[in-house]
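Note sheet for the following structure.
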Amino acid sequence: MDRAGLADFLRKRREMLQPEDVGLPRGSRRRTAGLRREEVAALADMSTDYYSRLERQRGPQPSEQMLAMIARGLHLTSDERDHLFLLAGHSTPLRAMRGDHVSPGMMRILDRLDDTPAQVMSGLGETLVQTRLAVALVGDETHFTGRARSIVYRWYTDPATRLLYPPQDHELLGRTFTSQLREAVTRESAGSRAADLANALLERSAEFAACWNAHEVGLRLTEQRKRLIHPELGPMELYCQVLLDPAQSQSLLVYTAPPGTESHQKLQLLGVIGAQRFQTGPPQAAD
């Protein structure tokens, strides 16, 4: 671990970012060049003390998970993220196997959607980052661990996952999730995380095995409309716009509703209700 190099790199990247780059207000009394340490810590979802110790060449070696959070908070490119890992004494993450780094461009778009439910998904159906209204809409999906990070795995192993969707949509959603996982397995080959998910589900779920053996590929939801059942607001019919980032195998999902509709009124209420239903957090798998 190169403590001096890590501290210098973090400080330089922090000073290069401006508040408006990450969706923060500048304020009238700002004297700091770039972002403040506490702002970076908040963006990376960690304590200010922990982050500050890294910039001061103190504290323990950060884990790969912590480094990934810092890279996301500082809006690092893939090359900068790799450099960060090496400075901290870790191997460079395999880009083909770890699609959890959100590009700076995608993060800039997400930062400007604070008043809209939006989230970035990996090619394996893992929620990488969410706006606060996305958490209020579907729950905090970023704190699952292991295989349960993937909605495909949760769909077949955790019945609570399906409560968000009308029963009449379950069959098509399951087939679509399975189709997308098969494409990921083909793209990443044997030994990949995608293959591990598929093998685990084949052992655990007869329903998944039936869908898998149908060997369907290319399935996509034919309509932009997505029906959800919110625990407080009830049924909602939303439009889900998808922005693809082929280089990262990621997609940005943005949920909207036509003005004047009941679903639009419910979306506006999300900001009031917040994430009260999800304050205790979703159950995490031990896999």
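The values are calculated or read from the model by the stated rules, or taken from the named source; none is laboratory data. Computed from a prediction, not measured in an experiment: that's the story for all the values here. Using ideal geometry, Cβ is built from the backbone for each residue, glycine included, and neighbour counts are taken over all protein chains shown.
Points to keep in mind about this one:
- Any hit, region 121-135, residues being of a type in the set (S, T, N, Q), in contact (Cβ under 8 Å) with a residue 60 or more places away in the chain and closer than 15 Å to GLN250 by Cβ: yes
- Those helices (runs of 4 or more DSSP H) lying entirely in region 37-97 with at least 3 residues assigned by TED's automatic domain parsing to the domain that holds GLU20, at pLDDT below 85 and not aliphatic (A, V, I, L, M): 78-87
- ASP2 of a type outside the set (Gly, Ala, Ser) and at positive phi: no
- Residue ID - nearest to MET106 (Cα to Cα), chosen from residues in region 1-51 that are of a type in the set (Gly, Ala, Ser) and within 22 Å of the chain's Cα centre (by Cα): GLY23
- Scope region 155-177; condition in contact (Cβ under 8 Å) with a residue 40 or more places away in the chain and of a type in the set (Lys, Arg); matching residues: ARG175
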